[in-house]
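Accompanying notes for the structure given below.
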Amino acid sequence: MKWLFFLGVFLSLHAQNKQLLYGFNEVPQQLLLNPGGQVDFRGYVGIPLLSHIHLNAGITGFSAFDIFADDGRDFNQKLREVAYSMDSKDFVGFNQQLDVFSAGFSVNTSLEKKLFISFGMYQESDIFSYFPKDYAVLANEGNYNNLNRRFDFGQLSVSAEVLSVFHVGLNKKINSKWTLGIRGKVYSSIVQLSSTKNQGSFITVPTANNNLNHIFDLDMSLQTSGISFLSEPEVNDELGILKKRLLFGGNLGVGIDLGFTHQPAPEWTIDASLQDIGFINYSKDVKNYILDKYLAYDGIQAVFPEITSGLTAQDYWNEVSSDFDNLVEIDSTTISYTKWRPLKLNSSVSYNFGRKINKECNCLDKSDPTFQNRVGAHLFAMNRPNHLQWALTLFYFRKFYKNLQIKTTYTVDAFSFSNVGLGMSAALGPLQFYIMADNLLEYQNLAKSQSVSLQLGFNYIF
């Protein structure tokens, strides 16, 4: 049963990489990834609550099939093998994003030097945790079988947040080669918790008289904001509090996105963006927990205490109880704190080819001067507490008709070396629908997949 604790933690928790959406110029939401992306329309309105729905979850080190496969093997043994095959660099994550509303329009009708303004509001949830390998080993084996082994309690690193973001972006086409963009953001954190700067250890050392010296050296902390209404029964207006915090009544912060697109030649495109250069200050409903203790405890003495120290048995047990009470006593504060948003980098280079041919004259179709095909590579990187999370993608884009485009991708990242994705955008008049999904090869058996990602939405395009 002790293994179920760790399984429950990690299955309840992929990167925020959106390689299918990035650079998909026909979909307005690509401007959220690169405010300097190319804009091929004069305006749009996202269908409220349906313009962008994104779900992304993943885990490194194992898949559900490794544990739950009906292969006749003992469940606890499979769980133990999985845990021992992982290390403290393995991680799990969940990311969800929902557009509340979004829209955009051109200030003028000139396609050569137009200014495009986009704005909207979305809600986002993000959970991320590393696998604390030493905790799992200690829970399974205990300390008696690991004498003189130092267990690293600093491996505990977890963060979670639910927030809303209001944003306004400016996209300026400077000339036929350069497009620049910037997006300003106001964050409103609804719920947040993080425990990412932990240090400490536990070691058991044999001493004389068959005693065991247990040494705890802990410097650990947990920062929380906005969770009291989830845990305090006297708070009976949860929905009202959520609405208030969603509409910028929570802990506020600011940030910007920067991006550009450069076409040195009509066939070549180079672009890049930085997202979430910003921070949030947490000052409302804050509760911080601190465990900063050192205790060296020799364990229960084999000799009666009154013989060696003059203490009665009751006095001795009172001292033992007091030592452990002091060890697990957690200090708490309500001091505000500030955290930087996880910075994300996107960059790609692509080659465009294949202009549309008019079959009647066997010449270029002047009514559609754009290229029909595009191939390229896309790099994604994101800073996490203990490492840089990355992904490298090769992609092919095909424009079949004016109202139908498809993009296929092959991605290598920490989750998989065989991630094949497919995205499609289709329009019926001004109404556009798009859907994008990753790891299609794993859909035959989702239990073997270490990550899943889905995006879809509806827009009204002008």
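The values are calculated or read from the model by the stated rules, or taken from the named source; none is laboratory data. Please read all numbers here as calculations on a predicted model, not as lab measurements. Here the Cβ positions follow ideal geometry from the backbone for every residue, glycine too, while neighbour counts run over all protein chains shown.
Could you tell me whether S194 is in contact with a helix residue (DSSP H, G or I) (Cβ under 9 Å, 6 or more places away or on another chain), part of a strand (DSSP E or B) and small (G, A, S)? For S194, the condition - in contact with a helix residue (DSSP H, G or I) (Cβ under 9 Å, 6 or more places away or on another chain), part of a strand (DSSP E or B) and small (G, A, S) - is not met. If you go through the stretch 387-422 and keep only what is modelled with pLDDT of 85 or more, exposed (fewer than 14 other Cβ atoms within 10 Å of the Cβ) and among the aliphatic types (A, V, I, L, M), you end up with just L404. Determine whether L32 is under 18 Å from the mean Cα position of the chain (by Cα) and at pLDDT 95 or above. Against the criterion (under 18 Å from the mean Cα position of the chain (by Cα) and at pLDDT 95 or above), L32 qualifies.
A single member of R384, R355, R374, R341 is out of contact with any helix residue (DSSP H, G or I) (no Cβ under 8 Å at 6 or more places or on another chain), among the basic types (K, R) and at pLDDT 95 or above, and it is R374. Scanning the stretch 120-160 for residues that are farther than 19 Å from H387 by Cα and among the acidic types (D, E), we see that the one that is surrounded by the fewest Cβ atoms within 10 Å (Cβ to Cβ) is E141. Once the stretch 173-212 is narrowed to residues that are in contact with an Asp or Glu (Cβ under 6 Å, 6 or more places away or on another chain) and crowded, with 20+ Cβ neighbours inside 10 Å, the residue that is farthest from N251 (Cα to Cα) is R183.
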